[in-house]
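Here, each number is a calculation from the coordinates, and none is a lab measurement. Remember, it's a predicted structure, so these values are computed and weren't measured experimentally. Cβ sites come from the backbone with ideal geometry, for glycine too, and all protein chains shown count toward neighbours.
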Amino acid sequence: MRPFVLLLWLLSLPVWAVIETYEFSSPALQLRYHTLSQELRCPKCQNQNIADSNAPIARDLRVVLYEQLEAGQTDEQILAFMVARYGEFVRYRPAVDRNTALLWWSPVLLLVVGMLALVRHLRQREVSQPPQLTAEEQARVRALLERRNS
């Protein structure tokens, strides 16, 4: 009985999906709408884009996005409007500028620092020689090897 209930519950999940009923003047605008709504982050949910969020602010942003597209705004103008109003956080892929340079370049910097540290470690390991055994230690090693071999 439980697996059946679980299956019914899983099948009901699409009911909670966001359904848009906007009438676009062209298929190109509809495609741009879907692309932009996937790129814009919901200010309330923070881990969902506005296309997937049911938060009231996300619904409002979808309406604004639709209206701006129908008004003839370009993608850049719409993104600039959203960033001016909600901050760079509203974009999943923020623009590269002095405020986000560390965000964009830190993976490369960390990789370079890691590679340099690895090279330095390997070079130090190559250069360092094991300490030489004293005559007493060499005699002891020979005695242990002879005992083992006999």
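Couple of notes before you dig in:
- Amide H contacts under 5 Å for residue 48, placed H, 5+ residues apart: 42
- Of the residues 43, 131, 107, the one that moves most in a GNM of the chain with alpha-carbon contacts below 10 Å is 131.
- Working note: Karplus 6.51/-1.76/1.60 with θ = phi - 60° gives region 88-104 the couplings 5, 4, 5, 9, 6, 10, x, 5, 7, 8, 5, 7, 10, 4, 5, 4, 6 Hz, where Gly and Pro are set to x.
- Helix 135-149 axis versus longest C-alpha principal axis of the chain: approximately 80°, rounded to the nearest ten.
- Cα gyration tensor shape of region 101-149, rounded if a/c is under 1.5, else prolate or oblate by comparing a/b with b/c: prolate
- Stokes-Einstein translational diffusion, region 17-90 - Kirkwood Rh over all Cα pairs, 1.567 mPa s, 4 °C, in µm²/s: 106 µm²/s
- Rounded FRET efficiency, nearest 0.05, which uses the C-beta distance separating residue 45 from residue 71 and R0 of 35 Å: 0.85
- Under 17 Å from the residue 121 label point (7 Å along Cα→beta-carbon), backbone N, region 92-113: 110-113
- Extension gain, residue 29 back to residue 138 (0.36 nm per residue minus Cα-Cα distance, nm): 30.9 nm
- Scanning residues 5 or more positions from residue 91 or on other chains, those with amide H under 5 Å from its amide H are 41, with H placed 1.01 Å from N in the peptide plane.
- Helix 27-39 and the longest principal axis of the Cα set of the chain meet at an angle near 40°.
- The chymotrypsin sites (Phe, Trp or Tyr not before Pro) of region 54-125 that meet both conditions, a loop assignment by DSSP and at most 12 other Cβ atoms within 10 Å of the site Cβ, are 92.
- Rounded to the nearest 10 degrees, the inclination of helix 75-86 to the longest alpha-carbon principal axis of the chain is 80 degrees.
- Pairs of Cα atoms nearer than 8 Å and 6+ residues apart set the relative contact order; for the chain it is 15 percent.
- Top of 41, 85, 120 by mean-square fluctuation, Gaussian network on the chain, Cα under 10 Å: 120
- Kirkwood radius and radius of gyration were both taken over the C-alpha atoms of the chain, and their ratio Rg/Rh is 1.45.
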